[in-house]
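The values are calculated or read from the model by the stated rules, or taken from the named source; none is laboratory data. Because the structure is a prediction, the values reported are computed rather than measured. Backbone-built Cβ (ideal geometry, glycine too); neighbour counts: all protein chains shown. Note: accessible area is taken over every heavy atom of the protein model, side chains too, but ligands, DNA and RNA are not part of it. Shrake-Rupley method; radii C 1.70, N 1.55, O 1.52, S 1.80 Å.
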Amino acid sequence: MKKQDIVTHYESFSVWLESIKDLGHENWLKPVLDGKWPVAAVVAHLLFWDRYSLEQRFPFFKEGAVLENYPDFQSVNDAAGEYVKKHAQLEIIEELLSVRSQFLQMLQGMSEEELDTAFKIGSTSLTVRDYFADFIEHDIHHKKQIMHATGISL
């Protein structure tokens, strides 16, 4: 995946996020495919993991760095679920758009070579490019869930 492909994903995903600002309250609270989370919690889940990446990962991506494993997934997801009970739809989406804007600024300042910076998370070896590719797949997975749950067409 080239730098431009990553940038294009974040730009187009942000356009899609803008479009769900108009999602009705009923759809915002609709459960996704697994029936466990409402759309609201899925969007907050993306926000929480993006914030984590911005604060706890990106600053430490250095050649040869060994970063600690991910935090407990369930505790992060539970916190995202609680967050939606206290924050409005527009606020959550705007926060996620803000973090995505920071991703884009950071990406635009990186070279293709910097995307190949190799490091480890726990015992898993990867590059900055790999990290972005994993999170892009994560975005696409959740976008499909949301679109299916709400009946929005791709």
Q. Is it the case that some residue within segment 50-60 is of a type in the set (Phe, Trp, Tyr), open to solvent by less than 60 Å² (accessible area, probe 1.4 Å) and over 21 Å from PHE13 (Cα atoms)?
A. no
**Q.** Members of segment 102-128 that are assigned to a strand (DSSP E or B) and of a type outside the set (Val, Ile, Thr)
**A.** ALA118, PHE119, LYS120, SER125, LEU126
Q.
Restricting to segment 112-135, count the residues that are open to solvent by 20 Å² or more (accessible area, probe 1.4 Å), in contact (Cβ under 8 Å) with a residue 60 or more places away in the chain and not charged (D, E, K, R).
A. 2
Q: Kindly check whether there is at least one residue in segment 136-148 that is of a type outside the set (D, E, K, R), part of a loop (DSSP other than H, G, I, E, B) and modelled with pLDDT of 95 or more.
A: no
Q: Could you tell me which of the residues HIS148, HIS138, HIS142 is in contact (Cβ under 8 Å) with a residue 24 or more places away in the chain, open to solvent by 70 Å² or more (accessible area, probe 1.4 Å), under 20 Å from VAL32 (Cβ atoms) and of a type outside the set (Lys, Arg)?
A: HIS148
Q: Check off (1) part of a helix (DSSP H, G or I); (2) modelled with pLDDT of 95 or more; (3) open to solvent by less than 30 Å² (accessible area, probe 1.4 Å); (4) of a type in the set (A, V, I, L, M, F, W, C) for LEU90 and give me the number that stays unchecked.
A: (3)
